[in-house]
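Following: one structure in structure tokens, then a few remarks.
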Amino acid sequence: MPTESPHGLDPDAAAQRLREDGPNELGTSQRRPLANIAWEVVREPMFLLLLGAGAVYLAMGDPREALVLLGFVVIIMGVTIAQERRTDNTLATLRDLSSPRALVIRAGQAQRIAGREVVVGDVLLLAEGDRVSADGELLETHELACDESMLTGESEAVPKQAGHTVFAGTLVTSGQAMVRVTGTGSRTELGRIGRSLEAIGLENSPLRIEVARLTRRLVLIGVTLSILLAVLFFSLRGGWLDATLAGITLAMGILPQEFAVIMIVFMALGARRMAARQVLTRRLGAIETLGQTTVLCVDKTGTLTRNRMAVAALQVGEQALEMHDLGDGALPEPFHELLEYAVLASEIDPHDPMEQAFHRFAGEQLADTGHLHPQWALAQEYELSPRLLAMSHLWHGAAGTADVVATKGAPEAIADLCHLEPAARALLATQADAMADRGLRVLGVAKARHREHAAHPDDQHDFDFDFVGLIGLADPLRPQVPQAVAACRRAGIRVIMITGDHPRTAGAIAAQAGIDSPQVITGAELADLDATALAQRLRHVNVFARVKPQQKLTLIEALKAGGDIVAMTGDGVNDAPALKAAHIGIAMGRRGTDVAREAAALVLLDDDFSAIVHAIALGRRIYANLRQAMVYTLAVHVPIVGLSLLPVLFGLPLVLVPLHIAFLELVIDPACSIVFEAQPAHPALMEQPPRASGQSLVSGAQVALGLLQGGLLTLVLIALYAALLAQALPAEQARSAVFVALVSANAMLILPSRSVRTGWRPMVSGLPPVAAWVLAGTLLALLLATAVPPLAQVLRFAPLSMPAWLAACGLGLLMLLPFDLVKRALARKR
């Protein structure tokens, strides 16, 4: 990479080009147009039934009923479209956040922006793992290779040099580069081909499949019963139009159109709540899996620790130096060479926290000492590899002098490069272990000379290295990590640390974090284990060190084979297979590569372990609230079905007509999608074990609870209706009283349905403020609809006197007691 960066575009010029050329997108917006949302809503079975009922009213010569029904159709469509639009807006925001970011130079400063904001003329900085955000000309490269398979179909990486072109959507597999953007959006090669990038979507997760299957069954039952009811009505009373209306009313009562609305609203709003906790949801299906997580595999650096490295200890021969002993004093001369070669083995403009720590400390201690060499030229770089955990830099110094080689890496790798004698190797290992036992990250440093103008060897082993010393770096544990690990333990979630660090360092940090493990398994030991032995060791071992990226996939697959639901964090290109294989892949937002973000289901915007625990707790809360909303929906549909069916069987005047079902839909949808979604989590939710992977959303006992509560309300309402008719009350007034009792009882049913717990305290404690507004709004709308004569007539009600209205409403409110008694009775049986 270059030592000097160009100025790049000025922010004002970039903003002007963005306005002129438009965003760097392919023009295939994921946002659904308003007309498309409206058309999808109109095609819903519920609205087709409403329109069908309106057509029947017109055929019966009752245009007023048809117009009123049409008004309800418009209102319900408006509410539904508003919900869908809100969901779309939330998903669009998440898509923007999860799209690849771009590191650009503007006004001489490197800054990271959204890929859609890149414009022609921008200077991009690319590194391994980046997704190229626009077409551009390469200005400078360093061992650059790109995966262009999405354009060419060829899987082999393509080497790139200055003057070549890189294409939007391709992936940097190795090296670094500086690019001047020449084309964005539809003016890129990708745009011309018409390909599109992967976007956020709601996959066919097990939960969605389960809900869809339940919906299909209820639709089939509804259609069958509606046809039978229409035939029965016609055979008993005649009048095929009235029979059709009775059938439509029953179908509307059975049809669970709320299920799909509840699902998408809960998941989308849940994703937004997670984003507020700095956790980005790329795949909404991951939200339901969070509550099932049994194992959480995490990296050490930057996740459990702060990723803010600082030099803490130096070791040269038998001399050791602790930084806290140094204080504000000058670095002793014997340690100058160690720090000098650590800097020479680092990048010129480093992004790695360890290398930044070397540069920062050297700037403080080696200025004006002759040990810093800004005038030297980097001639060759030997990259870190899984085979050798060390990296080397070959430098051209002053003319007529030998080239200088500096290397740093794992102590055992440096000992191997230096070909140390067994005694020296044992001393180095003892010194490194002493540092690692304190939780320090330990690196060895070595030096070599290479004859000027001689050919550069292909392998680091070909240099004659001399050992210089050891450096220990401190990366303090995040203060909230021990508490978060303890929360996972209480929730039945096992935390496993997988790191490339020294085994003793890993063990020390794990102990500080509260991760218990009888031993630490290294990558070398892991390679010697067969599947049976690995499965046995995995039952007890929670810390793995010196693990190579490809071995993470082995661990994930072994955990999954043992029946665990696995979440895993990762940040590098080589982590992508393991992130994809895990049930929930979690990428690092700050230090993670684009390819890791694309493979993951969640992205930690702040790279904070405690955010994962918050996400798991929120996932459990969303699932628990979704389950309660489904049980409530089932319960409130039972009396609707009963009041549509039983009057026909008993020869009573009809209680409900399509207009009433439309009114009830306006009550049920907000209750489910707003009240239940806002329900706070139970305090003991993270004290419970994870949900079993095969567990249904709604258990048989919960279905029984909903049916019994709904059935009890049905019996009370039918008895009330028959008693009022027996007292010679007009059918319209009896219908009004029953409807008031039905809606008020449904409102009260929200309280015991909010939680699985029994008792009065759970019903009223923690009630979200929005619930009070929904309940008050429901009762107010009910009062207007049944007590105000013009509105009551429109809805085919006879206005009730205030005492009669209060009596009917009171009966509905009093249903809270039997609802709770049924819940308590079933709870005792379980």
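The values are calculated or read from the model by the stated rules, or taken from the named source; none is laboratory data. Because the structure is a prediction, the values reported are computed rather than measured. Every residue, glycine among them, receives a Cβ derived from its backbone with ideal geometry; neighbour counts consider all protein chains shown. Note: accessible area is taken over every heavy atom of the protein model, side chains too, but ligands, DNA and RNA are not part of it. Shrake-Rupley method; radii C 1.70, N 1.55, O 1.52, S 1.80 Å.
A few notes on this one:
- What you get for region 690-830, charging only the Cβ of Lys and Arg (+1) and of Asp and Glu (-1), is a dipole of about 700 debye around the Cα centre.
- Taken along its three principal axes, the alpha carbon spread of region 364-497 comes to 66, 37, 25 Å, from the longest extent down to the shortest.
- Put simply, region 659-790 fits an ellipsoid with semi-axes of 33, 18, 12 Å; these come from the alpha carbon gyration tensor as the roots of five times its eigenvalues, largest first.
- Out-of-range pairs (alpha-carbon distance over 18 Å; input Lys300/Lys408; Lys552/Lys580; Lys300/Lys552): Lys300/Lys408
- Mean Cβ count within 10 Å, highest first, over the residues of peptides 635-648, 787-800: 635-648, 787-800
- Cα centroids of region 615-676 and region 687-707: 19 Å apart.
- Peptides 517-524, 681-688 ordered by average Cβ neighbours within 10 Å, highest first: 517-524, 681-688
- Met263 sits with roughly 10 Å² accessible to a 1.4 Å probe, with DNA, RNA and ligands left out of the calculation.
- Given charges at beta-carbon only (K, R positive; D, E negative), |dipole| of region 292-437 in Debye: 400
- A straight line joining the Cα centroids of region 406-454 and region 742-809 runs 75 Å.
- Sequence-distant aspartates and glutamates (8 or more away, or on other chains) whose Cα lies within less than 18 Å of Lys160: Glu128, Asp130, Asp135, Glu137, Glu140, Glu143, Asp147, Glu148, Glu189, Glu381, Glu383
- Accessible area in the full protein assembly, largest first, 1.4 Å probe, for Ser235, Ser699: Ser235, Ser699
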